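See below for the structure under consideration.
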Amino acid sequence: MPYLIGFTFALAAIYVAIWLTVAAVMLFVIPAFLIMLPVGLLSGVLWGCTVPIVTLTGYSRWQPRTITAQDVKQGTSNLPRLRGDNPFGRDPAWPSYLVAQSRVDLSEIWHRTVGTLGKGWRKCRDIGDGWDNPVGWVVVVVGLVPVYLTVSVGALAAVVAILLICGAALLVVTASWLLVVGVLRSGDYLVRRLRGASGSCPLCYHVSSLPAFPCAQCQQVHRDIRPGLLGAVWRRCICGARLPTTVLRAAFQLQTSCPNCLAPLRSGAAVHRDIRLPVFGPVSAGKTRLVYAGLRALREQAATASASVEFTDEQSKQAFDQGDEIVRDGGDTTKTPAGQLPTAITAQITTTRRKALLHLFDAAGEFYIDRSDNSELLFLDHAQGLVFVVDPFSIPWVQDQLGGSGQIMLVRANAAVDKPDAVYRVTAGRLRDYGVRTSSQRLAIAVTKADLLVKLPLARNLHPHRVKEWLLAAEMDNLVLAAERDFAEVKYFLVASVHSTRAADPMSPANPFAWLIARAGLQLFPDEPNPTKQAEEAV
Amino acid sequence: MTAPGPTTAYHVHRAVLTVIVLIIILLTSYLVVRGIPSLRQWVISAIDAVQDEWTSWDWRLL
């Protein structure tokens, strides 16, 4: 009986407890949830909006990692890898916000939001763990979890919406930015390509269409200044200096340097047409004299044709002044030091429509005698044309014609010892060995010392326009045949490298250079046949 | 070499993004404020419905 009474009371107690629980759920818990869930959702949205603002404004510890120029230099900037094998890496400049920092900022917003929400969830777990009995977990699961879930959903929804909208805005801006980069980059390339512009180093002879530019402030070298990931219109150097991006603009504002040896390039390099003309021949053939007399005659002749030939660098100006003085005074030029590689003499040629840089390379004749000596003459590889200097007094036939009494003349002419065809063979072989396509190059063969030669009976048939015939008659047929076989075009000149030779003289030392310059695309004198025009007329 | 701080472009871009976020917040706030009376009404009617369910309970089932 007492068991029955006890069982009845227990049933009644359970019933009351269930009834009170249901009453509490219906009257308090459900209404509380109905109020708390929207409030939690709105709180989450508020949190989701606060995180981006705090992150973007860089408040306190929430500042995202800044992608600096140092990161770019060290390769930790998240920029795409450079194409090809570039040992120098990217330039020391700040990357554009759109290609590096924007991703870091948006990523930081997402991770910061997820991180703070995760902290909240861990706190909920700690609260549940803090209770010694299951009641704590019931409170957490029934009370905290639903509310915090709505907070999390609200925060994530807000952040996702913000990231999507900001990402879309950045995409639109990036597309416009890429358009600017593309227009500037291709415009820069096209103008330089049309001009035939390139930068050739006067010291190491390296030729590049993309010179290096040391920063004017910190001297850090920028090897690819073109518009790109490091800036569209301007770029910011690691030191903070603002640098122009296109080669054309940079060349006017910064020192242009050789990307190979970092030596300063001539003013106007990589902007104007670059014409490289080596002068080769045996020792004492008159190469140096031809260079100075030729430049002198070019200046005089250019002045009559509304053009100018100027020296923009001090080294070339000094070299020319010294050589010009010797030619003017009728003295003998100093022997070019053997074994010493020549520095280019550079002149800026300005016509009414175009500008060009003319580089003349005059190496000592010893380089051209032995095949093993001329491997360092890299300027031969990048030339648009070559001038081969033939000393007529070194031709055996001429020496035979002069006879024994001609020794005085040979001494007076300071005749070259080595035979022209032997020197030509060595140099042509060197060009072939280095893969130079001579079949697309021009060769000007200049027979020098004409002022002495034309007075001799053996040169009675020698006229400036019949040099080839005279060379054939002088048993130089091997040279003529080899030259015409090797080169796309060969032209013969009779040259008197003396002061008295007038500018427009058929024996002017300017003629070989003027012809090669015209063939390289710069019509210096109106009477010089223009290959482009001829081709157009042929069509 | 100590690099100077972020470039002006960084600050400008971040400022633009901040403005976009602020616009989003303002628009959301406007929508929330406009929606609050309806939300309040919905919450009240939902609570009433629950409480009605409780008060209209058929006590005879007990």
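Give the residue, chosen from A:65, A:61, that is more than 9 Å from every other protein chain (Cβ to nearest Cβ), closer than 23 Å to residue A:164 by Cβ and not hydrophobic (A, V, I, L, M, F, W, C).
Going through A:65, A:61 in turn, just one is more than 9 Å from every other protein chain (Cβ to nearest Cβ), closer than 23 Å to residue A:164 by Cβ and not hydrophobic (A, V, I, L, M, F, W, C): A:65.
Please determine, by comparing only the residues of segment A:7-24 that are open to solvent by less than 70 Å² (accessible area, probe 1.4 Å) and at pLDDT 85 or above, which one is farthest from the other protein chains (Cβ to nearest Cβ).
In this case the residue turns out to be A:10.
Restricting attention to segment A:354-366, report how many residues are outside any loop (DSSP other than H, G, I, E, B) and open to solvent by 10 Å² or more (accessible area, probe 1.4 Å).
Adding up the residues that qualify gives 3.
Within the set of pairs 6+ apart or on separate chains, which have a first residue in segment A:191-212 that is in contact (Cβ under 8 Å) with a residue 60 or more places away in the chain, a second that is open to solvent by 30 Å² or more (accessible area, probe 1.4 Å) and part of a strand (DSSP E or B), and C-beta atoms under 7 Å apart?
Listed pairs, sorted by first residue: A:195/A:273; A:196/A:273; A:197/A:273; A:198/A:207; A:200/A:207.
Tell me which residues, restricted to segment A:243-286, are of a type in the set (A, V, I, L, M), open to solvent by less than 20 Å² (accessible area, probe 1.4 Å) and touching a Lys or Arg at 6+ places or on another chain (Cβ under 8 Å).
A:243, A:247, A:270, A:271, A:279 - these are the residues of segment A:243-286 that are of a type in the set (A, V, I, L, M), open to solvent by less than 20 Å² (accessible area, probe 1.4 Å) and touching a Lys or Arg at 6+ places or on another chain (Cβ under 8 Å).
Could you list all residues from segment A:308-347 that are at pLDDT 85 or above and aliphatic (A, V, I, L, M)?
A:309, A:319, A:344, A:345, A:347
Against the definition (open to solvent by 40 Å² or more (accessible area, probe 1.4 Å), in a helix (DSSP H, G or I) and modelled with pLDDT of 85 or more), how does residue A:55 come out, yes or no?
Criteria not met by residue A:55.
Determine which member of the set B:40, B:14 is modelled with pLDDT of 85 or more, closer than 30 Å to residue A:99 by Cβ and of a type in the set (Lys, Arg).
Only one candidate passes the filter, namely B:14.
Quick one: which residue in A:342, A:337 is surrounded by 12 or more Cβ atoms within 10 Å (Cβ to Cβ) and part of a loop (DSSP other than H, G, I, E, B)?
Every option except A:342 fails the conditions.
Whether any residue in segment A:402-417 is in a helix (DSSP H, G or I) and buried (at least 20 other Cβ atoms within 10 Å of the Cβ) is what I want to check.
No, there is no match, as no residue in segment A:402-417 is in a helix (DSSP H, G or I) and buried (at least 20 other Cβ atoms within 10 Å of the Cβ).
Given the criteria open to solvent by 70 Å² or more (accessible area, probe 1.4 Å) and among the hydroxyl-bearing types (Ser, Thr, Tyr), does residue A:375 qualify?
No; evaluated as a whole, the condition is false for this residue.
Pull out all pairs, ordered by first then second residue, where Cβ-Cβ is under 8 Å, the residues are six or more apart or on different chains, the first lies in segment A:486-497 and is in contact (Cβ under 8 Å) with a residue 12 or more places away in the chain, and the second is open to solvent by 20 Å² or more (accessible area, probe 1.4 Å) and assigned to a strand (DSSP E or B).
Hits for this filter: A:487/A:442; A:488/A:442; A:489/A:442; A:490/A:442; A:491/A:442.
Quick one: how many residues across segment A:142-162 are within 18 Å of residue A:36 (Cβ to Cβ), buried (at least 19 other Cβ atoms within 10 Å of the Cβ) and within 14 Å of chain B (Cβ to nearest Cβ)?
3
What about residue A:89, is it open to solvent by less than 60 Å² (accessible area, probe 1.4 Å), more than 9 Å from every other protein chain (Cβ to nearest Cβ) and part of a helix (DSSP H, G or I)?
When the stated conditions are applied, residue A:89 does not pass them.
Mind checking which residues of segment B:23-35 are open to solvent by less than 80 Å² (accessible area, probe 1.4 Å) and either over 30 Å from residue A:106 (Cα atoms) or more than 7 Å from chain A (Cβ to nearest Cβ) (or both)?
Selection gives B:29, B:35.
I want to confirm something. Restricting to segment A:101-140 and keeping residues that are more than 30 Å from residue A:52 (Cβ to Cβ) and open to solvent by less than 20 Å² (accessible area, probe 1.4 Å), which single residue is modelled with the highest pLDDT?
Once the filter is applied, the top-ranked residue is A:128.
Could you name every one of the strands (runs of 3 or more DSSP E) located completely within segment A:193-308 that has at least 2 residues being in contact with a Gly (Cβ under 6 Å, 6 or more places away or on another chain)?
Qualifying strands (runs of 3 or more DSSP E): A:273-280.
With the requirement that a residue be under 16 Å from residue A:445 (Cα atoms) and in a loop (DSSP other than H, G, I, E, B), what does segment A:368-397 give you?
Of everything in segment A:368-397, those that are under 16 Å from residue A:445 (Cα atoms) and in a loop (DSSP other than H, G, I, E, B) turn out to be A:383, A:384, A:391, A:395.
Considering only segment A:487-495, I want to know if a residue exists there that is at pLDDT 70 or above, exposed (fewer than 15 other Cβ atoms within 10 Å of the Cβ) and under 26 Å from residue A:392 (Cβ atoms).
yes
This table checks each residue for (1) open to solvent by less than 10 Å² (accessible area, probe 1.4 Å); (2) touching a Leu at 6+ places or on another chain (Cβ under 9 Å).
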residue: A:209; (1), (2): no, no
residue: A:212; (1), (2): yes, yes
residue: A:215; (1), (2): yes, yes
residue: A:223; (1), (2): no, yes
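Would a scan of segment A:167-183 turn up a residue that is open to solvent by less than 40 Å² (accessible area, probe 1.4 Å) and hydroxyl-bearing (Ser, Thr, Tyr)?
Yes, segment A:167-183 contains a residue that is open to solvent by less than 40 Å² (accessible area, probe 1.4 Å) and hydroxyl-bearing (Ser, Thr, Tyr).
Could you say which residue among A:135, A:104, A:183 is away from every other protein chain (no Cβ under 14 Å), under 25 Å from residue A:241 (Cβ atoms) and not in a loop (DSSP other than H, G, I, E, B)?
A:183
For the condition surrounded by 19 or more Cβ atoms within 10 Å (Cβ to Cβ) and either touching a helix residue (DSSP H, G or I) at 6+ places or on another chain (Cβ under 8 Å) or away from chain B (no Cβ under 12 Å) (or both), what is the one hit in A:98, A:34, A:4, A:27?
Going through A:98, A:34, A:4, A:27 in turn, the sole match is A:98.
List pairs: first residue in segment A:42-53 and more than 9 Å from chain B (Cβ to nearest Cβ), second residue hydroxyl-bearing (Ser, Thr, Tyr) anywhere in the structure, Cβ distance under 8 angstrom, at least six positions apart or on different chains.
A:44/A:150; A:44/A:152; A:47/A:113; A:47/A:116; A:48/A:113; A:51/A:113; A:51/A:116
The values are calculated or read from the model by the stated rules, or taken from the named source; none is laboratory data. Remember, predicted model here, so these are calculated numbers, not experimental data. Using ideal geometry, Cβ is built from the backbone for each residue, glycine included, and neighbour counts are taken over all protein chains shown. We work out accessible area using only protein heavy atoms, side chains counted, and drop any ligands, DNA or RNA first. Shrake-Rupley method; radii C 1.70, N 1.55, O 1.52, S 1.80 Å.
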